[in-house]
Amino acid sequence: MKKILVTGGTGFIGSHTTVELQQKGYEVFIVDDLSNSSESVVDNIAKITGIKPHFGKVDVSDKKQLFDFLAQNPGIESVIHFAASKAVGESVQLPLKYYRNNLNGVINVLEAMKEFKIKNLVFSSSCTVYGQPEHLPVTENSPIQPALSPYGNTKQINEEIIRDFVKVNPDVHCIALRYFNPIGAHPSSLIGELPLGVPANLIPFITQTAAGIRECLSVFGDDYDTPDGTAIRDYIDIIDLANAHIAAINRMEQGRQKAGLEFFNIGTGNGLSVLQLIKTFEEATGVKLNYKIVGRREGDIEKVWADTTYANQELGWKAVVPLKETLLNAWNWQKKIKN
Ligand code: WQD
């Protein structure tokens, strides 16, 4: 059985990717510092797949912790690196935390790959590297814009660190997946998004408002140059996103990569406005949402959605989960955790 390391594996994307990896026959080793998740996620993954992933409480920005774990768990061939701080707003307030955590994390993972002869890396990047693209849909060759937040800047810098590393380490291969907006939850309602405190992202705020935990959803601006004035994003189901990681690992395992570092946009290819999402949520769940229009949020871009042609062709991967199913899964998960 192929052994794979998943850093940040008890997080939202990491846990769903672990489930898909196990169901495709991988032996998964999770490391997570549990700063933004709980170890109970490991048990819930086991409830879904019947297999408990190996787990180590490890801060990947601490080289010794990561190296000790890998020395005790030999034979790992690939790594998917999710572990990072990822709250855009917090990164503006605490830039050094983000640079230290997110940059040291990648550097330690790359050094560990060299030390422990781990051949393949999937890196969790973000569409945020494109900023507000001039042309839409955005392709992998769209220009990288100056980051609007320290969080986004760490993603850009990490891509450059990996690029420079694989140039002189030809035996290491990496695929960077530039995610659009991950949403939803596992259909079992055993794992999902667990935002700590007041959610920054739209879907958890919608489901918490629908559950009566939040009084009212604020829609940040309706004066954008879009059909209904609200901002447009490319919302991708978390299971579809998880499976993109497996497609990336397979590409590297089968030696189909064309270069040491490749990039892929992982989205649906469809842009959806905030009001369209609210309407679809209400249709999917039958729950009327209490919302009001307020001013724009600082740092938000107006509209972005992916051209996924390259990922569809080269990864043999496509987003398939219907939006209403995604939103219903998110709602069922919210009702589960509320109880
Ligand atoms: C989506 C839309 C908001 C909350 C961020 C990061 C990105 C990735 C995903 C990590 C925007 C609007 C939101 C609310 C609202 N994270 N909104 N009311 O900002 O597109 O992307 O999260 O990788 O890197 O940048 O996602 O969910 O915060 O916002 O109106 O209460 O919903 O203005 O238009 P975003 P989001």
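What to note about this one:
- Between helix 274-285 and the chain there is an angle of about 90 degrees, using the helix long axis and the longest principal axis of the Cα atoms.
- Using the Cβ-Cβ distance between ILE161 and ASP225 with R0 set to 41 Å, the FRET efficiency from 1/(1 + (r/R0)^6) comes to roughly 0.70.
- Bridges between two residues of the chain, per DSSP, are antiparallel at a rate of about 5%.
- Segment 1-64 and segment 213-234 have Cα centres lying 34 Å from one another.
- Solvent exposure of segment 254-339, expressed per residue, is 53 Å² of accessible area, with all protein chains present and a 1.4 angstrom probe.
- Helix axis angle, 63-72 relative to the chain longest principal axis, alpha carbon, degrees: 60
- Model label sites at ASP171 and SER188, defined 7 Å from Cα along the beta-carbon direction, differ in position by 3.7 nm.
- Cα centroid of segment 259-287 to Cα centroid of segment 158-185, whole Å: 22
- Each Cα pair under 8 Å and six or more residues apart adds its separation to the average, and for the chain the resulting relative contact order is 19 percent.
- Charge dipole (Cα centre; +1 on Lys/Arg Cβ, -1 on Asp/Glu Cβ; no other charges) of segment 26-167 amounts to roughly 120 debye.
- Gain on full extension, evaluated as 0.36 nm per residue between LEU94 and TYR310 minus their Cα-Cα distance, stands at 74.2 nm.
- Surface composition of segment 7-117: carbon and sulfur atoms hold 52% of the protein heavy-atom accessible area at a 1.4 Å probe.
- Taking only protein heavy atoms and a 1.4 Å probe, the accessible area of segment 150-260 is 53% carbon and sulfur.
- Between ASN73 and ALA259, the FRET efficiency from the beta-carbon distance, with R0 = 45 Å, is close to 0.95.
- Residues of segment 89-229: accessible area per residue with a 1.4 Å probe, Å²: 45
- A simple spin-label model places pseudo-atoms 7 Å from Cα toward Cβ; at GLU27 and GLU115 they are separated by 2.1 nm.
- Cα-centre dipole for segment 95-145 with unit charges at Cβ (Lys and Arg positive, Asp and Glu negative), debye to 20: 280
- Charge dipole (segment 224-339, unit charges on Cβ, about Cα centre) - positive-most of GLN254, ASN312, GLY286: GLY286
- Loop-resident GluC sites (Glu not before Pro) (DSSP state other than H, G, I, E or B) in segment 205-299 with no more than 16 further Cβ atoms inside 10 Å of their Cβ: GLU215, GLU298.
- Nearest-20 debye value, the chain charge dipole, Cβ charges on Lys, Arg, Asp, Glu: 620
- Calculated FRET efficiency for the pair LYS64/LYS318, C-beta based, R₀ 35 Å, to 0.05: 0.30
The values are calculated or read from the model by the stated rules, or taken from the named source; none is laboratory data. Worth saying up front: this structure is predicted, and the values here are computed from it rather than measured. FYI the Cβ positions are ideal-geometry reconstructions off the backbone, even for glycines, and counts take in every protein chain you see. We work out accessible area using only protein heavy atoms, side chains counted, and drop any ligands, DNA or RNA first. Shrake-Rupley method; radii C 1.70, N 1.55, O 1.52, S 1.80 Å.
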